[in-house]
Amino acid sequence: MAASTWAKALELRPPKIEWQRKQTGKNAMPIRLAMLGGKPVRTKPFTSWPQFGNAEEVRLLRTLRSGKWGRLQGHEVAKFEKRFAAAHGCKHGVAVVNGTVSLRIGLLAAGLRAEDEVIIPSYTFFSTASAVVEANLVPVLVDIDLDTFNLSPKAVEAAITPRTRGLIPVHFAGQPADMDAFMAIARKRRLFVMEDAAHAHGAIYRRRPVGSLGNLASFSFQSSKNLTAGEGGILTTNDDKLAAGCRSIQNCGRVPDGLWYEHHVMSGNYRLGEFQGAVLNCQLARLETQTNRRDANGRYLASRLTRLPGLHPQKRPPSCTRHSYHLFMLRLDGEAFGAPRAAVLKALQAEGIPCSAGYGFSLHEQPFFRNKAFGPFLPNVSASLDYTKTDCPNSDLICREQGVWFEQRLLLGTRSDMDDIAAAFEKIYENRKALGPRSRKDRQHA
């Protein structure tokens, strides 16, 4: 089904009525929660991941039988680099072994110097920070916007110092960050901007593909990602010089006109293998349809969940033309909902809805930062760094109390699957008094 047809179909069908009214009538008692002995909302599994078929098998066998298994001998990775870059609005794609390596290569190619500062969000995966440290640069952790879960432009402005040289906005969960604001800051301050697009394959910002918005972008193909070969990553850019720098670092410091054993920069063999390239070429053919389906299902599910008190799905600004929904995220305000997050998550799982709280704490609270376990990196400034003073209240609130995640594979299903998720929330809300602390409103009327 085409994207426009799918989206239209979701809009035209009437919404499913609330769980209690549909199951028991307006004035009846709520159905018992599954975790308390009731019947679960859902017993069948959601869509599995990864998705693959005969195309992957044929292409992998062809690569196997060719005997050309490495990037330098075969054609699969080279073909994928061109196709992926073009799909994301870029001239250049440099495929590498994983998304962490791609972040570090990008920082090195940009020419940042030892102990320069790079601003990143405190709400992101560890690799966004570790790649900065491995480039011998100082991560400056700043807060996110409470509603979008993305890096806050105001927090970035406040964190800039004379040593700031770079900025890594993360398109968290697949929703594009506020790139107009960040590029304006970068032009004013002369900062290098690398998009961390590990969640954002196929996402579109103001009708421009993510990956083409900053100076450089980094994607991941790790197992859970929306485009996967088990492992892998890629850098995309429209800057010829940056592309050449990334390619040299990826390929042992070689340059196009140099001798084979002639090495120009600190580098290594970070080339992606042909088996991953073969899989990715097949997976890329699926990406457009999958992304449109996730986007349509994500919009619909958000519209259902906002009807309940205390549920706040990731706010989608008008600049988000297409969300890739690597995650469907929401904030659960336990006070307004009437039950704490931990209890709601357990109840959802018992109802047959896979979910998690996501990150347990913000980056600045990771042992890596608290103990400054930087290994041989940052020897001159490590003693003066104190991440215990980092203040990121929005990130901390989401980690400690409110964050709820659903994996991207759930959004590859049907509208009925989304209705099941919503129905589970509605059922839990109707039974909220059985889950723990009462809401402030309940306490006032007790």
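The values are calculated or read from the model by the stated rules, or taken from the named source; none is laboratory data. Keep in mind that this is a model prediction, so the values were computed, not measured. Methodologically, a virtual Cβ is constructed for each residue, glycine included, from the backbone with ideal geometry; neighbour enumeration extends over all protein chains shown. Heads up: the accessible areas ignore ligands, DNA and RNA and are worked out on the full protein's heavy atoms, side chains in. Shrake-Rupley method; radii C 1.70, N 1.55, O 1.52, S 1.80 Å.
Scanning the range 374-408 for residues that are open to solvent by less than 60 Å² (accessible area, probe 1.4 Å) and outside any helix (DSSP H, G or I) turns up Phe374, Leu378, Val381, Leu385, Thr390, Cys392, Gly403, Val404, Trp405, Phe406. For first residues located in the range 336-359 and under 20 Å from Ala173 (Cβ atoms), partners that are acidic (Asp, Glu) and lie 6+ apart or on another chain with Cβ distances below 8 Å form the pairs Arg341/Glu401; Ile353/Asp420; Pro354/Glu407. Scanning the range 54-70 for residues that are open to solvent by 50 Å² or more (accessible area, probe 1.4 Å) and in a loop (DSSP other than H, G, I, E, B) turns up Gly67, Lys68, Trp69. Being part of a loop (DSSP other than H, G, I, E, B), within 29 Å of Thr47 (Cα to Cα) and of a type in the set (S, T, N, Q) holds for only one residue in Ser303, Ser267, Ser324, and it is Ser324.
Residue-wise test of (1) under 30 Å from His364 (Cβ atoms); (2) without any contact (Cβ under 8 Å) to a residue 40 or more places away in the chain.
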{"position": "Gly70", "(1), (2)": "no, no"}
{"position": "Phe84", "(1), (2)": "no, no"}
{"position": "Gly99", "(1), (2)": "yes, no"}
{"position": "Arg104", "(1), (2)": "yes, yes"}
{"position": "Val118", "(1), (2)": "yes, no"}
{"position": "Pro121", "(1), (2)": "yes, no"}
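What is the residue count in the range 197-211 for residues that are in a strand (DSSP E or B), of a type outside the set (Val, Ile, Thr) and open to solvent by 10 Å² or more (accessible area, probe 1.4 Å)? Qualifying residue count, the range 197-211: 2. Of the residues making up the range 123-147, those that are in contact (Cβ under 8 Å) with a residue 60 or more places away in the chain, open to solvent by 20 Å² or more (accessible area, probe 1.4 Å), of a type outside the set (D, E, K, R) and touching a strand residue (DSSP E or B) at 6+ places or on another chain (Cβ under 8 Å) number 1. Which of the residues belonging to the range 212-224 are assigned to a loop (DSSP other than H, G, I, E, B), in contact with a helix residue (DSSP H, G or I) (Cβ under 8 Å, 6 or more places away or on another chain) and touching a residue at least 60 places away in the same chain (Cβ under 8 Å)? If the condition is that a residue be assigned to a loop (DSSP other than H, G, I, E, B), in contact with a helix residue (DSSP H, G or I) (Cβ under 8 Å, 6 or more places away or on another chain) and touching a residue at least 60 places away in the same chain (Cβ under 8 Å), then Asn215, Phe221, Ser224 are the ones that fit.
Checking each residue in the range 225-244 for being under 26 Å from the mean Cα position of the chain (by Cα) and either part of a loop (DSSP other than H, G, I, E, B) or farther than 15 Å from Asn98 by Cα (or both) picks out Lys225, Asn226, Leu227, Thr228, Ala229, Glu231, Gly232, Thr237, Asn238, Asp239, Leu242, Ala243. For the range 355-373, the set of residues classified as under 19 Å from His199 (Cα atoms), of a type outside the set (Gly, Ala, Ser) and part of a loop (DSSP other than H, G, I, E, B) consists of Cys355, Tyr359, listed by residue number. Among the residues of the range 220-269, those that are open to solvent by less than 40 Å² (accessible area, probe 1.4 Å) and over 17 Å from Ala197 (Cβ atoms) comprise Gly230, Gly245, Ser248, Ile249, Gln250, Asn251, Cys252, Gly253, Arg254, Gly258, Ser267, Gly268.
For the range 358-393: of the residues being among the hydroxyl-bearing types (Ser, Thr, Tyr) and closer than 26 Å to Arg331 by Cα, which is farthest from the chain's Cα centre (by Cα)?
Here the answer is Thr388.
Here is a list: Ala159, Ala114, Ala110. Which entry is surrounded by fewer than 20 Cβ atoms within 10 Å (Cβ to Cβ), within 27 Å of Cys320 (Cβ to Cβ) and over 18 Å from the mean Cα position of the chain (by Cα)?
Unique residue meeting the criteria: Ala159.
When the test is whether a residue is open to solvent by less than 30 Å² (accessible area, probe 1.4 Å), among the hydrophobic types (A, V, I, L, M, F, W, C) and either in a loop (DSSP other than H, G, I, E, B) or at pLDDT 95 or above (or both), Val77 passes it. Among the residues of the range 31-53, the one identified as touching a helix residue (DSSP H, G or I) at 6+ places or on another chain (Cβ under 6 Å) and either open to solvent by 60 Å² or more (accessible area, probe 1.4 Å) or more than 26 Å from Leu410 (Cα to Cα) (or both) is Met35.
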